[in-house]
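The values are calculated or read from the model by the stated rules, or taken from the named source; none is laboratory data. These numbers were taken from a predicted model, which means no experiment stands behind them. Glycine gets a Cβ as well: all are built from the backbone with ideal geometry, and neighbour counts include every protein chain shown. Each accessible area value is taken on the protein alone, full model and side chains, heavy atoms only, with ligands, DNA and RNA left out. Shrake-Rupley method; radii C 1.70, N 1.55, O 1.52, S 1.80 Å.
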Amino acid sequence: MNKMNRRKFLVAGTVGLAGLSIAGRTLAENMYSPANDVVVDKVKLGNTGLTISRIAMGTGSSGFNGSSKQTRMGMESFEKIAHHAYEKGITFYDMAESYGSMPFVASSIKSFPREKLTLLSKIWTYDEGDERVEAAPKFLDRFRKAANTDYFDIILMHCMTKGNWTNSRKSYIEGLSRAKEDGIVKAVGVSCHNFDAFVEAVDSPWVDVILARTNPWGEIMDAPPEQIKSLLLRAIQNGKGVIGMKIFAEGRRVAEHEREESIRYAMTQKHVHGITLGFSSPEEIDDAVAKVMKYAR
């Protein structure tokens, strides 16, 4: 029997690999970068006074009814991912009560120095007069207990879906402002899921931080990419911290070349300070850190 030479072996292996598929995509196009010694860097978050890792560990992929893809993995798997992220320099945690993720983060970071971490959480809000409106001290006490922390670095009003929120959410704004004065919260802001709400956030003097949907394809976004980029650049000029989300279009754009394109866009266009990513494995973390640091300036 003739021995297969190295070239034929590599070709045959590549063909075999390309025949496998995961969720309708080839394994080859979804391969993640192998582990390496690269760690993500730190950046100043606008005029907030905070310094963050350029990548935040998102905890709300498919998040609803108090759970998410990350929490549904279970505590052991969550902690494994969180610890690997920390080893790669990711010290920024993006949480929300609606994800059920604060206790998971609390358990994962209990051995980490609190002063080296950035903890962000979000509160679901309601129009003034709605019986579900909750006073800031009440929900902040609950949040601090769930996350096992004396203070939060960032609290955002979650998922603004219409304009005029600076009037319709006055009690939240006033309550969070007092919490800043008391040192319970360092920075406040909004996550935007509507163009009018987004424009309002860019120009609001109350807002310290904006969590905004951005990617190069305009998918799951509030306006076309160039329009969003222009607004975010204005927000940065106004001194606001800007975190990009949905950069892979809620998992619709995760092929190798798409991940590369989106991270390159986020890192080189200068319209965000950092990005939040929901990880499912250590390999995804290694891949994201390698790509971010390839383009970060």
(request) May I ask which residue of 231, 201, 91 lies farthest towards the positive end of the charge dipole of the chain, with charges of +1 (Lys, Arg) and -1 (Asp, Glu) on Cβ and the Cα centre as origin? (result) 91
(message) To check you understand DSSP bridge types, tell me what percent of the beta bridges within the chain (both residues inside) are antiparallel, rounded to 5.
(response) 15 percent
(message) Between 199, 254, 133, where does the largest GNM mean-square fluctuation fall for the chain, given springs only between Cα atoms within less than 10 Å?
(response) 133
(request) Mind listing the long-range amide H neighbours of residue 159? Cut-off is under 5 Å, sequence gap 5 or more, other chains count too, H placed in the peptide plane at 1.01 Å from N. (result) 191
(request) Treating only the Cβ atoms of Lys and Arg (+1) and Asp and Glu (-1) as charged, compute the dipole magnitude of segment 109-224 about its Cα centre; round to the nearest 20 debye. (result) 560 debye
(request) Please state the charge dipole magnitude for segment 202-297, taken about the Cα centre, from unit charges on C-beta atoms (+1 on K and R, -1 on D and E), reported in debye and rounded to the nearest 20. (result) 360 debye
(message) Cross-link candidates for residue 270: which lysines have Cα within less than 17 Å, leaving aside residues fewer than 8 places away along the same chain?
(response) 42, 44, 229, 240, 246, 291, 294
(request) Tabulate in residue order the Karplus-calculated ³J(HN,Hα) for segment 79-91, using 6.51 cos²θ - 1.76 cosθ + 1.60 with θ = phi - 60°, rounded to whole Hz; enter x for Gly and Pro. (result) 5, 4, 5, 4, 5, 5, 4, 4, 4, 8, x, 7, 10
(message) Ordering 91, 161 by accessible area with a probe of 1.4 Å, largest first, what comes out?
(response) 161, 91
(message) Using a Förster radius of 30 Å, what is the FRET efficiency between residue 252 and residue 43 based on their Cβ-Cβ separation? Nearest 0.05, please.
(response) 0.65
(request) Would you work out which of 57, 164, 104 lies farthest towards the positive end of the dipole of segment 44-173, given +1 charges on the beta-carbon of Lys and Arg and -1 on that of Asp and Glu, about the Cα centre? (result) 57
(message) Residues of segment 191-220 with backbone nitrogen within less than 18 Å of a virtual label 7 Å along the Cα-to-Cβ line of residue 238, please, listed as ranges.
(response) 191-214
(message) Need one word for segment 90-223: rounded, prolate or oblate. Basis is the Cα gyration tensor (sqrt eigenvalues a ≥ b ≥ c); a/c below 1.5 gives rounded, then a/b vs b/c decides.
(response) oblate
(message) Treating only the Cβ of Lys, Arg, Asp and Glu as charged (+1, +1, -1, -1), what charge dipole size does the chain show about its Cα centre? Round to the nearest 20 debye.
(response) 940 debye
(message) Please compute the modelled spin-label separation between residue 294 and residue 127, points set 7 Å along Cα→Cβ, answer in nm with one decimal.
(response) 4.7 nm
(request) Let me have the 222 nm mean residue ellipticity of the chain computed from DSSP H runs of 4+ only, each contributing -39500 (n - 2.57), with the sum over all residues rounded to the nearest 500. (result) -11000 deg cm²/dmol
(request) Write down the accessible area per residue of the chain in Å², having rolled a 1.4 Å probe over the full set of protein chains. (result) 47 Å²
(message) Please compute the modelled spin-label separation between residue 171 and residue 230, points set 7 Å along Cα→Cβ, answer in nm with one decimal.
(response) 3.8 nm
